[in-house]
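Asker: To start, I am sharing the structure in question, which I have written as structure tokens.
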Amino acid sequence: MKKFLRYGFILLVILALIGIFWIYPTYKAIYLPNVPSELPQPYLMVPTGSSYEDLVENLDSNGFLVDEKCFRTVAGYMKFDQRETMRAGRFKIKPEMNNRSLIQLLRSGRQSPINITLSYGRLPKDVAGKVSKIIEADSLDILELFQDASFLKKYGLTTETAMSSIIPNTYEFFWNTDALGFWKRMVKENKAFWSPERMAKAERLNLTKEEVYTLASIVEAETKYKPEKPKVAGVYLNRLRIQMLLQADPTLVFATKDFDTRRVTNRHKEVESPYNTYKYVGLPPGPIMMASISSIDAVLNPAKHNYLYFCAKPPDNVNDSPKEHAFAKTLQQHNANAKKYYAYLRRAGIR
């Protein structure tokens, strides 16, 4: 009896060892870590339309797998390798994840969103270029929407006013957002920004929201000093009210695309363009750059005054850049202020 029990025990041990021999590799493949403890980057970007083979290559080449073969084995067990296309997006991969958890994450499509901060841009191509570096949307596809007159007409916009759809802010997106998805999000945010209160203020100024944005873009180009923006906006609104030429230098820079110039000259004033506010009364056809919220609100809440002119005020130190402006009610006062500014330019060696 003892001999039988001894042989039985030995047999059980042998069977256990055989079981462990066959089962452990499967257990190891499924449950033990197959993502390195240190990653070169925490996020995996899976492009739209990726196949299973594309995904494996993506994971392996970007350092997310310790053992590619092991991953493929578990993908086979979970029938993950039978999917025709993978879920696109930006996925946060945790160090030392096992294959099962990694596949569950990729199968679920649980993306990690990404932030886009829109704060500056002169032209739609600037916006398209920046956005396409952060999300999957192609810059040309985004730019095409800004230039498609029939598409923009559906939103009450033109190719000139399309830029007014962008309200500068930080927005959360999924990485695989396409160009149309980006555009629709901007339209949604624009609609939310233009509250009934803001719309009522625009109506009191006898301006559409696109015209408010256009004027705000000029204010934005004129000064970065927030406390002064309502005062600058007031000057231009005073000019619009009496149908006086706006004579806004930044519109000439936009018209000539001479964005590197440090000083507007008579050469700029001669350009034939609807953006030349030295030639044509009223607002230009559209924004000359992205307008910040502070500039938009400055136009909607302008300072009340009788000023019609302003020019940069010379800083105390010739090596500093002008920050504030000198305002005037008459051309004579303005010329005196301008004379002081031109003297500063000469001292600073700016021609």
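Asker: Is there a pair in Lys153/Lys191; Lys229/Lys279; Lys130/Lys269; Lys125/Lys209; Lys133/Lys209; Lys269/Lys313 whose C-alpha atoms are over 26 Å apart, and which pairs would that be?
Answerer: Checking Cα-Cα distances, Lys130/Lys269; Lys133/Lys209 exceed 26 Å.
Asker: Could you tell me the distance between the Cα centroids of region 102-173 and region 233-292, to the nearest Å?
Answerer: Region 102-173 and region 233-292 have Cα centres spaced 27 Å from each other.
Asker: Further question: Could you give me the radius of gyration and the Dmax of region 53-132, taking only the C-alpha atoms into account and expressing both in angstrom?
Answerer: For region 53-132, the Cα-based Rg and Dmax read 16.7, 53 Å.
Asker: Note the full-extension length gain between Tyr155 and Ser108 as 0.36 nm times their separation in residues minus their Cα-Cα distance, in nm to one decimal.
Answerer: Working: separation 47, 0.36 × 47 = 16.92 nm, distance 3.48 nm.
Full-extension gain reported as 13.4 nm.
Asker: Right, something else. For region 206-270, what are Rg and Dmax over the alpha carbons, in angstrom?
Answerer: 12.4, 34
Asker: Please build a GNM for the chain, connecting alpha carbons under 10 Å apart, and tell me which residue among Lys323, Lys92, Lys125 fluctuates the most.
Answerer: Among Lys323, Lys92, Lys125, the largest mean-square fluctuation in the Gaussian network model of the chain belongs to Lys323.
Asker: Another one. At 0.36 nm per residue, and after removing the present C-alpha to C-alpha distance, how many nm does the segment from Gln243 to Lys191 gain when stretched out fully?
Answerer: Contour length minus the Cα-Cα distance gives 15.7 nm.
Asker: Give me the aspartates and glutamates in straight-line cross-link reach of Lys226: C-alpha distance below 12 Å, same-chain residues under 8 apart excluded.
Answerer: The qualifying aspartates and glutamates are Asp297, Glu324.
Asker: Moving on. For Met78 paired with Ile293, estimate the spin-label separation in nm (one decimal), with each label point 7 Å from Cα along the Cα-to-Cβ line.
Answerer: Spacing of the two 7 Å Cα→Cβ label points: 4.0 nm.
Asker: Using 0.36 nm times the number of residues separating Tyr280 and Ala343, minus their current alpha carbon distance, what extension gain do you get?
Answerer: Contour length minus Cα-Cα distance gives 19.7 nm.
Asker: So how far apart, in nm, are the two label points at Asp316 and Arg263 if each is 7 Å from Cα heading toward Cβ?
Answerer: It works out to 2.5 nm between the two label points.
Asker: At 25 °C and a viscosity of 0.890 mPa s, what translational diffusion coefficient does Stokes-Einstein give for region 262-351, taking Rh as the Kirkwood radius over Cα pairs? Give it in µm²/s as a whole number. It would help to have the intermediate numbers written out before the result.
Answerer: On the way: Rh = 15.5 Å.
Estimated via Stokes-Einstein, D reaches 158 µm²/s.
Asker: Taking R0 as 51 Å, what FRET efficiency do you get between Asn306 and Asn115 from their Cβ-Cβ distance, rounded to the nearest 0.05?
Answerer: In this case the efficiency is close to 0.70.
Asker: Using Cα pairs under 8 angstrom and six or more residues apart, how large is the relative contact order of region 190-275, in percent? Before the final figure, lay out the partial values.
Answerer: Working: 39 pairs, mean separation 15.5, N = 86.
Relative contact order for region 190-275 comes out at 18 percent.
Asker: 222 nm [θ] for the chain, helices only, -39500 (n - 2.57) per DSSP H run of 4+, per residue, to 500?
Answerer: -15000 deg cm²/dmol
Asker: Using only the alpha carbons of region 72-118, determine the length spanned along each of the three principal axes and report them from longest to shortest in whole angstroms.
Answerer: 44, 27, 13
Asker: Take each complete run of DSSP H in the chain, measure how far its Cα atoms stretch along the helix's own axis, and keep only those covering 30 Å or more with mean Kyte-Doolittle hydropathy at least 0.5; list them.
Answerer: On the way: long enough: 2-31 (40 Å, 1.23).
What comes out of the filter, once short or polar helices are dropped, is 2-31.
Asker: So if R0 is 41 Å, what FRET efficiency would Ala336 and Thr48 give, r being the distance between their Cβ atoms, rounded to the nearest 0.05?
Answerer: E between Ala336 and Thr48, to the nearest 0.05, is 0.10.
Asker: Follow-up. Springs between alpha-carbon pairs under 10 angstrom, Gaussian network model over the chain: which of Pro230, Pro315, Pro287 fluctuates most?
Answerer: Pro315
Asker: Semi-axes, largest first, in whole Å: what does sqrt of 5 times each Cα gyration tensor eigenvalue give for region 75-184?
Answerer: 36, 15, 10
Asker: Follow-up. Hey, with R₀ at 41 Å, roughly what FRET efficiency would Lys224 and Lys92 work out to, going by the Cβ-Cβ distance, to 0.05?
Answerer: 0.65
Asker: What fraction, in whole percent, of alpha-carbon pairs in region 88-151 exceed 18 Å separation?
Answerer: Everything past 18 Å amounts to 54 percent.
Asker: Right, another one. If each Cα of the chain is one equal point scatterer, what is log10 of I(q)/I(0) from the Debye formula at q = 0.10 Å⁻¹?
Answerer: Listed by q, the Debye log ratios stand at -0.76.
No value in this document is a laboratory result; all are computed from the given coordinates. Just so you know, these numbers come straight off a predicted model, no measurement behind them. Because the Cβ atoms are built from the backbone with ideal geometry, glycine has one as well, and the counts that use them run over all protein chains shown.
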